[in-house]
Amino acid sequence: MQYPLTEKIGHPDLFVGRKTEFRHINKWLSLIPDRMSKSRVILARRKSGKTVFIQRIFNQLWNDPKLGVIPFFLDIEENKTWFPNFAINYYCAFASQYISFLERNERLVTQPLDLEE
């Protein structure tokens, strides 16, 4: 498996457990192309692995284009941001990850295109 999105946990082999959670989320993901999935929320206390769980889901989806689900991940920092700058960053990240998925180019996940590109 390729890991275009670097997981916060470090080396991918350090992520263990969560089999039950992945079984539920994979079933949910498999129903998305047929529009049979409802929105989900992941709630847990701080530092319990939510971000790395989502990063792993991104990497799994990125590696399986036949599933028909295009992954998108945006990490929003806790600081004040001017909305036009946020919108530009969001668009660049979204467009880059979409193109990355279609062209199978890992680099675009971690190095987003700018507006000119």
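The values are calculated or read from the model by the stated rules, or taken from the named source; none is laboratory data. Given the structure is predicted, the values throughout are model-derived calculations rather than measurements. Glycine gets a Cβ as well: all are built from the backbone with ideal geometry, and neighbour counts include every protein chain shown. Heads up: the accessible areas ignore ligands, DNA and RNA and are worked out on the full protein's heavy atoms, side chains in. Shrake-Rupley method; radii C 1.70, N 1.55, O 1.52, S 1.80 Å.
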Spatially close lysines, pair count over the chain: Cα under 30 Å, gap of eight or more or interchain: 22
Taking every pair of Cα atoms in the chain, average 1/r, invert it to obtain the Kirkwood radius, and report Rg/Rh to two decimals. 0.96
Search the structure for amide H atoms under 5 Å from the amide H of residue 18, placed 1.01 Å from N in the peptide plane, and list their residues when 5 or more places away or on another chain. none
Counting only heavy atoms of the protein chains, get the accessible area per residue of segment 16-64 (1.4 Å probe) and round it to a whole Å² value. 76 Å²
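If you roll a 1.4 Å probe over the chain with all protein chains in place, what percent of the accessible area is carbon or sulfur?
Details: 4850 of 8910 Å².
On the chain, the fraction of accessible area on carbon and sulfur atoms equals 54 percent.
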Where does helix 83-103 land angle-wise versus the long Cα axis of the chain, in degrees 0 to 90, nearest 10? 60 degrees
Once phi is turned into ³J(HN,Hα) by the Karplus curve 6.51 cos²θ - 1.76 cosθ + 1.60 with θ = phi - 60°, what whole-Hz value does each residue of segment 64-75 show in order, with x for glycine and proline? 10, x, 5, 5, x, 10, 8, x, 9, 10, 9, 8
Computed for the chain: size of charge dipole around the Cα centre, +1 on C-beta of each Lys and Arg, -1 on C-beta of each Asp and Glu, debye to nearest 20, value 860 debye
Leading residue at positive end of dipole, the chain (Cβ point charges), from 97, 55, 25: 25
Can you find, among 110, 85, 67, the residue farthest towards the positive end of the dipole of the chain? Put +1 on the C-beta of Lys and Arg, -1 on that of Asp and Glu. 67
